[in-house]
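A short worksheet on the structure shown next.
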Amino acid sequence: MPIFDKLAEEATRGGLKFLVIGGHAVIGHGYMRATDDADILICKNDRAQWEVLVHRLDYIVEHDGGTFLQLKPAGGERWDLDLMLVNGETFQKLMAAAKPVEIDGTRVVLPSLEHLLALKLHALKHGPPRRQAKDQDDIVNLILVNEFNFRAESFRQICEKHADLETYERIVRICAP
């Protein structure tokens with residue numbers, strides 16, 4: 001079961017904000033697929049407060065990549081938790097366009113569709129090779145399910161900024177009827 005209820009409760013208590021990203025955000029934008037962890041995006045200025053919060057929820061840092069923390073629950077009976085850290089300006093931009101949703105009875109916010117696509121493109125470019133097929137599949141299905149204009153100049157620019165022109169062209173070929 002996702003941990004968003006506890007995260008939202010503790011974050012509110014601590015005056016912290018977060019966006020749900022990853023598989024739950026993909027689902028929240030209309031593409032149903034399996035996920036086995038919880039991914040959130042936070043402001044890196046709040047990192048110390050988030051470390052205290054997740055420790056209170058009995059999470060242990062398994063990997064610290066600086067801008068990406070992978071946490072495991074003590075006892076292993078709950079969902080793994082990944083935290084992506086971004087600068088304050090990026091965080092505010094994402095929050096300003098965020099989409100409120102409910103996940104298992106808890107009110108949370110997701111990045112806008114365009115911002116989620118940008119995050120997925122970034123993951124496609126910078127993530128491990130074993131994740132590339134999943135991230136590309138998410139991008140293509142988000143585009144198709146939401147009837148997103150993948151031929152728009154603005155999407156090409158997003159692709160070039162967060163991935164590359166070759167990725168854009170591949171996505172257009174896959175999505176084209």
Point to revise | Matching residues in the range 12-32 - criterion: being surrounded by fewer than 17 Cβ atoms within 10 Å (Cβ to Cβ), part of a helix (DSSP H, G or I) and touching a helix residue (DSSP H, G or I) at 6+ places or on another chain (Cβ under 8 Å) | key: Gly14
Study note, to complete from the structure: Within the range 52-88, residues under 22 Å from His24 (Cβ atoms) and charged (D, E, K, R) come out as Arg56, Asp58, Glu62, Lys72, Glu77, Arg78, Asp80, Asp82
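Could we say that Asp39 is acidic (Asp, Glu), modelled with pLDDT of 95 or more and surrounded by 15 or more Cβ atoms within 10 Å (Cβ to Cβ) here?
Details: acidic (Asp, Glu): yes; modelled with pLDDT of 95 or more: yes; surrounded by 15 or more Cβ atoms within 10 Å (Cβ to Cβ): yes.
Criteria met by Asp39.
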Exercise for review: Name every residue in the range 144-177 that is exposed (fewer than 11 other Cβ atoms within 10 Å of the Cβ) and part of a helix (DSSP H, G or I), in order of residue number.
Suggested key: Glu153, Ser154, Leu165, Glu166, Arg173
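Determine, yes or no, whether His126 is on the phi < 0 side of the Ramachandran plot and either surrounded by 15 or more Cβ atoms within 10 Å (Cβ to Cβ) or in contact (Cβ under 8 Å) with a residue 60 or more places away in the chain (or both).
Numbers: on the phi < 0 side of the Ramachandran plot: yes; either surrounded by 15 or more Cβ atoms within 10 Å (Cβ to Cβ) or in contact (Cβ under 8 Å) with a residue 60 or more places away in the chain (or both): no.
Judged against the criteria, His126 is not a match.
Is it the case that Val86 is within 26 Å of Glu160 (Cα to Cα), among the β-branched types (Val, Ile, Thr), more than 11 Å from the chain's Cα centre (by Cα) and surrounded by 17 or more Cβ atoms within 10 Å (Cβ to Cβ)? Let's see the steps before the verdict.
Working: within 26 Å of Glu160 (Cα to Cα): yes; among the β-branched types (Val, Ile, Thr): yes; more than 11 Å from the chain's Cα centre (by Cα): yes; surrounded by 17 or more Cβ atoms within 10 Å (Cβ to Cβ): yes.
Criteria met by Val86.
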Practice item. Report whether or not Val145 is of a type outside the set (Asp, Glu), more than 20 Å from the chain's Cα centre (by Cα) and not assigned by TED's automatic domain parsing to the domain that holds Tyr31. Key: no
Point to revise | Test result for Thr35, outside the structural domain of Ser154 (by TED's automatic domain parsing) and in a loop (DSSP other than H, G, I, E, B) | key: yes
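Go over the candidates Val101, Val61, Val109, Val54 one by one and state the one that is among the aliphatic types (A, V, I, L, M), part of a helix (DSSP H, G or I) and more than 21 Å from Ile158 (Cα to Cα).
Details: Val101 fails: part of a helix (DSSP H, G or I); Val61 fails: part of a helix (DSSP H, G or I); Val109 fails: part of a helix (DSSP H, G or I).
That would be Val54, the only listed residue that is among the aliphatic types (A, V, I, L, M), part of a helix (DSSP H, G or I) and more than 21 Å from Ile158 (Cα to Cα).
The values are calculated or read from the model by the stated rules, or taken from the named source; none is laboratory data. Quick caveat: nothing in here was measured; it's all calculated off a predicted structure. Methodologically, a virtual Cβ is constructed for each residue, glycine included, from the backbone with ideal geometry; neighbour enumeration extends over all protein chains shown.
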